[in-house]
Each structure stands twice: as C-alpha cells, then as structure tokens.
Amino acid sequence: MQVRKEIQVAGIVQGVGFRPYVYRLATDRKLGGNIRNTAAGVSIEIQGPQELVEDFVSRLPKDAPALAQITQVSVRETACRLDRGFEIRSSHTGQHVSALIAPDVATCEDCVRELFDLRDRRYHYPFINCTNCGPRFTILRDVPYDRPRTSMSGFPMCEQCRAEYEDPEDRRFHAQPNACWKCGPQLEFWNPQGHALAASDPVEAAVEHLRLGEVLAVKGLGGFHLAADAVNAAAVERLRERKRRVAKPFAVMVRNLEAAARFCDIDAEARRLLTSRQRPIVLLPKIEGAAIAESVAPNQRDLGIFLPYTPIHHLLMAAGKFAALVMTSGNLSEEPIAIGNREAVDRLGGIADCFLVHDREILLRCDDSVVRHSAGRLRQIRRSRGYVPAPVRLHKELPQILAVGGEMKNTICLTRGNLAFLSQHIGDLENVESLDFFHDAISHLSRILEIEPEIIAHDLHPDYLSTKWALGQKGVRVVGVQHHHAHIASCLAENGVEGRVIGLVLDGTGYGKDGNIWGGEALYADGGGFERGAHFAYVPMPGAAAAIHEPWRMAVSYLAQAFGEDFLGLDIPFVQRLERGRAELILRMMDQRVNSPLTSSCGRLFDAVAALIGIRQEVSYEAQAAMELEMSGRSSCETAGYPFAIRRENRCWLIDSSALFGAIVEDLRQKVGTETISRRFHNGLVDTLVRLSRLLREESSINQICLSGGTFNNSLVFEQLICKLESDEFEVFTHSEVSAGDGGLSLGQALVAAHSSPS
Ligand code: ZN
Ligand code: ZN
Ligand code: FE
C-alpha cells in the first residue's frame, strides 16, 4: 500500500548537508517526493510502500549529518500524488525565519586531504570547504543562509564549482561558500602600510618572515590573529611589547595531536576537544621543560593550545613546520579583534611586520573559544567561535527577551521559545570599539534570529554601559537583575532546574542591593528572586578600582581588619617591604571611608592572599594574582587547610577571614613555603564553603546547590568543592554550556526577566 507523509524538521538543518542526506535516504529506498528549505528548517514530502516510508521516518533523525541539530520533527499523513522520483526544490524566502544558523566549522578531514593532494584541483587552495565544514556564522549577512546573503556573494561560481554545488551526490551540494582557485577568494601578502607585495606564494612569504622572528597578522575566520614563532623567545617578546600585553598568557597553535603532546599532557578527553569541529583553545597542563618560550604563558602551569581550523592555518603550519605558533587575537590589549583588511592595517600596522590577508569579508567578528575539561565535563571559559550561534536549550518557553550582560567579558542573550542564543564574546565594554561591537551584535543577532524583544534585561550597576544602553531603549519593558542572582539563574537555566536552590557564587565584582560590591555570596534563589543567605564579611577596598589593579592594597585592608594598625609591626616580608607612607595613607583612607567601598568579593580575597605571600603586588590583567595563586597551590600536595570563621549577623551567615590571616602570618613567620601556604588557603576555603553549605541546608532543607561565578575557573577550588559537596550528598549543578564567569551572565538575566511581572 502506498502512503504519503509530510514531515517538518526544525533546527540546524540548513547548510549542513541535510538535504543531500535526505535525498540519499529517499533514493536508497526508491521513495518519491521532495524536500525544500523553509523558514523553520526543511519540509519533506515522502511517498512509497508503508513499511519503507516508516523506516525512512524513523531513520531520519538518527543518521542525520554530524553538523545537523534537530530540535523538532512533526509528521502528518497526506494524500498520495504522482512524483518523478525524489527531488530537491529551491528555498522559499520572505517568510518568518526561525531556522537555526550553524556556527563556523573547522576544515573537515576530507577537505584537508584534498588540500594536500597534488592531483586535486584545490591543491593548496586556502579557502577549500564543503557541506561538512567551513565558515557559516562569520560570513552571514542575512537569513536564510544562502550564498547571495553571505560575503561569498561577490564570487560567482565557476562551471566546475557550480556543478558540484548542484549535484545532490556531491560533498559540495549547496555548500554556500564553495569555491576554487578559478572563482573564489585569494590570499595576498602585504607590508605594514597595506601595500600588496609580489609573492608567488603568499603563504610561503608569510612563513619566511615568521621564521625570521617577525610578527605576522593573518586574517582568520572571525578576525585577524597576530602570529609569532612560539619557540623564538625574542619573537614572542616583540609581540608582547608591541601589543602592550605584559603577561597575559598567549595561546599557541600546533599542527596536530602529536605536536600538541610535545607541549601538554593530553588525555582522551583533551584529544576529543582539540579535534572537535569547534576547535576551541583548550587549556591543558604544560609539560615540564616543554620547548616553548617561557614568555608565551609566564607563571602558568597551563597552556592554551589549539589545532588548525581553516585551510590557511593548515597551509601555514605545514609550510613553516613550526613546532608551535603563538596565535593571539589581532587587537591592542582589550580592544575587539580586527576583521577588515584596511581596519587591520590601521590598527595592527604598529604591531605586525607583515600581513596575510584575503578578499573574503568577515561580516561578524568572533574570537576563538577557550575551554577546559574539568570535573568530568567541558567547561566554557570563553564561549565564542564554533559554538555561537548554536542555542542553549531551555526546559521551558520564554518570551522574546534581550539580556545585555554585564561590563566585563560581555555577551548578550536573545531568547525565543525554549531556545537561548548567546552572542560571541564581546569583551570589556570600556572602550568605544567594544561598545560599537556590542551595538552591532545586538542588531545583527536580533535580525538574523528575527527576535523583537518584549523585555530587555540588564545588570543593576547604574554605570555599566550595557545598563545605560538598556535604560535608553523606548517602548519595551526593562528589567534590572542583580549580578549574582543572574549568575545563579544562568546555572538554573542551563541545567533546567526549577525551584529554590542554594546558589554559591564566587566572583569578583557585582553591584549589590545594599550599594556595596558583592562577590562571595550564598543566595537562596530561583528564577523569580533571591535572598542573601551568607556572604564574605565586608572589607574596605582602599582606592576602589585601584585596589583591583594593586592587590597589595587588599592585603593591607585584610591585615588591618585582622590585626588593627598593629599589623605594621609584624615581622613578615610583606610588611617589611611596605612603604610606610603609602600604607598609612591607605589606613587613613579606610578609616575615613574615603574612596573605600565595602566589598564581599571572593576575587579580592584571592588578591590579598597572593600579595601577602609575595606572589603578586600589582596585576596587568584581570585575575592575574588569583591565577598565579592557584598555580602555586597546584604545585603542593598539602592537605591541611586554614581556618575561617562562620558567624551569624542580621539573619545572614558571614564568612570571616580574620583567623585565616592570623594563620597565614604565623606560617610566614615560620618561613613555610609559598606553595604550601597557597594550598592551605585553597583547602581551607573549600572546607569552609562545604561547612557553610551544610548550615544553609540545615536551615532551609534545600539540597540542590548551584555553583557559579568567575572564581570557579579556578580548578583547584572547583574540583575539590564539587567532590566534597557530592560526597556530602548535595545535588550539585554547575556550568558546562556557558561560562561560569560574566560571559554567562546574560543567560541568567534573561531567565530572571522572564519571571518578572510588569509593574
Ligand atoms: Zn570539508
Ligand atoms: Zn570554482
Ligand atoms: Fe560576575
């Protein structure tokens, strides 16, 4: 008996080889019908003997191509018709668009093979791609995803490319960026003034300059990279100096897994992440004595490492035979990554000695993602290229919301139905360039996702540029969300947790409801609201922002709290080195409450300890002191921990660090090693948090606990705490799909805003 069915498939099913897959699924079974792209995904009609049609329907989601992400399949019976076999029909446009856009995908193995195959017509072609790989998000101008709406629109396909593009049996069927030497984009080698230099092979030219220790600016997928030979200390120094990046670690690109294993300890999980189609930078433990310049990642035990993900990278790494290349964002310090050729010359001309550019436009900037594997799961440190704009699946439907994130490591989030779309990493909204990027990301993402927000969610901090932008929008409801509530809500959203939880937030800075700077918080929270259950005892931050850049100020603040002004008589190196005049000035500032806001920040506590034990007095990038303190602690096997007091005040628990500082000072007097002290601090903090969690569980009968906040990027705290909480039978929820730091904030803001009622 013949039957005919109509099937609607929603999700990421366009531009990922889904239609040829369906074509083969149908023709293998000799079924008739057709498939076409629709605004929501694809629509299929299928006709044939009942059991074959049923087999087709059940196979459809199961064997789908790796890049496809099916969110919904609906099937309905329809009347039989006459087909001429199975055909692929052209897309309909102009309707409401809800099909999902695929992220950029690393060059696939088939394409790499062709790239290095002398007989292939795309031998060494720097823009080779197919339906299974290549640029997507970063070349997209509008939806639906079709060549004319990408930056490939200016490159009409040659006859051969067109034939591949139109052949359902071909790997390049409807591969929108399909191109070759004859018809596609080309590389050029430029000098720092932006003049093209004659080079028969621009890649070879670039390689020669890299070998001389020069800095190369190379146009990638989501922006320019600055590259230098990672083994050549002078080259790396030069890059640091010119980029004005004193100490923040650089990531390195290596040719393959074998090369990676020469620098880092690599296990099966690391191998999987390094070769995943997202190709993120993976943080891995550096091998002792690895042949890499120390200045690549000074004072770090981890190295950020990644594999080539575009044909240009493959060509560079193969031609240069580099052990490792520093590949860092093409920007000055914290500015956004450069994407245009002229823009790059303007902004990077003083940094790079030469440029490897091309004429395929990058329409959306997108930094490399940074991840690590910790406590059994993937952890996003910076979720960007390769992951964006794939949505985070929510467990319930939300109205259309725009959440604008915080100030640092900003991302925005748009919601539609049960999907949350986080933007790429936008960065710190402190300079004009980042703010422009922030505006662009909002307008571009809402356009391609066709979301018109009914609500805009923002942080409570009145001075954040994101807050100011939100408050300036007319005709929509605007909702302010407390920073740490948003952190916990982000964890609730990604894990689909309903009901009230204990939310442990270990964080740097967030505007508190009492006007103080919060940061080490335990909240009783759900999507709708929160109560403060505990926090780190307040200490003054002498000099406000200056105390963030100069951790020694925080050490003075904590010492003064623990010992009073008597601390100036302590016989420990920190005090002996302290400039009396400056210390007294700071004590007076705190006394008179001049420019000394109160904080319960966890990050500042780490800073204070790092300064006190001589690890770092001033920082050149965010969280530097805390990271170095962690690295130091990881070098020790110490199991003992320092004491912290937990006391009750105003219906709230307080973690008091006075006893901690007493114990550290005693150890410093006894000349206990830095690494041991650092480890005892970590151990003590974890034990205290477990103790606190039990107290909170006792008083609330809540057993579900969410961990969020930037300090959880510290794997020593993170892994120990999870382990101890779980063995104490807490149900622990953490982040995996989005960052625990401020990069995940916008997701939580959206969830809280969805719970808010119009007033
Ligand atoms: Zn491919
Ligand atoms: Zn061609
Ligand atoms: Fe935060």
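Structure notes:
- When GLN72 is tested against (1) in contact with a Phe, Trp or Tyr (Cβ under 6 Å, 6 or more places away or on another chain); (2) under 25 Å from TYR387 (Cβ atoms), just one condition goes unmet, and that condition is (1).
- Failed condition for VAL672, given (1) among the hydrophobic types (A, V, I, L, M, F, W, C); (2) touching a residue at least 24 places away in the same chain (Cβ under 8 Å); (3) not in a helix (DSSP H, G or I): (2)
- Number of the condition not met by GLU188 [criteria: (1) within 16 Å of ligand 1 (Cβ to nearest atom); (2) open to solvent by 60 Å² or more (accessible area, probe 1.4 Å)]: (1)
- Qualifying residue in segment 36-51 (condition: part of a helix (DSSP H, G or I), among the charged types (D, E, K, R), more than 41 Å from the chain's Cα centre (by Cα) and closer than 19 Å to GLU169 by Cα): no
- Any hit, segment 442-460, residues being within 16 Å of ligand 3 (Cβ to nearest atom) and in contact with a Lys or Arg (Cβ under 6 Å, 6 or more places away or on another chain): no
Quick grid of which residues meet (1) in contact with a Pro (Cβ under 6 Å, 6 or more places away or on another chain); (2) within 16 Å of ligand 1 (Cβ to nearest atom):
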| position | (1), (2) |
| --- | --- |
| SER90 | no, no |
| ARG113 | no, yes |
| PRO126 | yes, yes |
| LEU140 | no, no |
| THR150 | no, no |
| CYS161 | no, yes |
| TYR165 | no, yes |
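- Residue ranges of strands (runs of 3 or more DSSP E) in segment 335-415 with at least 3 members open to solvent by less than 10 Å² (accessible area, probe 1.4 Å) and in contact with a strand residue (DSSP E or B) (Cβ under 9 Å, 6 or more places away or on another chain): 354-358, 392-403
- Residue within segment 476-484 that is at pLDDT 95 or above and over 18 Å from GLN749 (Cβ atoms) present: no
- Residue match in segment 176-183 (condition: surrounded by 15 or more Cβ atoms within 10 Å (Cβ to Cβ), within 14 Å of ligand 2 (Cβ to nearest atom) and modelled with pLDDT under 95): yes
- Residue check, ASP728 open to solvent by 10 Å² or more (accessible area, probe 1.4 Å), under 20 Å from GLY496 (Cα atoms) and not assigned by TED's automatic domain parsing to the domain that holds VAL282: no
- ARG113 vs. criteria among the charged types (D, E, K, R), modelled with pLDDT of 95 or more and not assigned by TED's automatic domain parsing to the domain that holds ASN256: yes
- Failed criterion for GLU164 (all others in (1) free of Cβ contacts under 8 Å to residues at least 24 places away in the same chain; (2) open to solvent by 60 Å² or more (accessible area, probe 1.4 Å); (3) touching an Asp or Glu at 6+ places or on another chain (Cβ under 6 Å); (4) not small (Gly, Ala, Ser) hold): (2)
- Meets criteria (buried (at least 20 other Cβ atoms within 10 Å of the Cβ), touching a residue at least 40 places away in the same chain (Cβ under 8 Å) and not small (Gly, Ala, Ser)) for HIS682: yes
- Some residue of segment 301-313 being farther than 20 Å from VAL105 by Cα and surrounded by fewer than 23 Cβ atoms within 10 Å (Cβ to Cβ): yes
- Any hit, segment 184-193, residues being away from ligand 2 (no atom under 13 Å from the Cβ) and out of contact with any Leu (no Cβ under 9 Å at 6 or more places or on another chain): yes
- With respect to the conditions (1) under 30 Å from LYS321 (Cα atoms); (2) away from ligand 2 (no atom under 13 Å from the Cβ), GLY154 lacks only one, and its number is (1).
- Hits in segment 10-57 (condition: touching a residue at least 60 places away in the same chain (Cβ under 8 Å), in contact with a Pro (Cβ under 8 Å, 6 or more places away or on another chain) and open to solvent by less than 40 Å² (accessible area, probe 1.4 Å)): GLN14, VAL16, GLY17, ARG19, PRO20, ASN37, ALA39
- Scanning segment 100-121 for residues that are in contact (Cβ under 8 Å) with a residue 24 or more places away in the chain, open to solvent by less than 40 Å² (accessible area, probe 1.4 Å) and not in a loop (DSSP other than H, G, I, E, B) turns up VAL105, CYS111, VAL112, LEU115.
The values are calculated or read from the model by the stated rules, or taken from the named source; none is laboratory data. No experiment lies behind these values; they were computed from the predicted model shown. So basically every Cβ, Gly included, is an ideal-geometry build from the backbone, and we count neighbours across all protein chains shown. Surface areas here come from the heavy atoms of the whole protein model, side chains and all, with no ligands, DNA or RNA. Shrake-Rupley method; radii C 1.70, N 1.55, O 1.52, S 1.80 Å.
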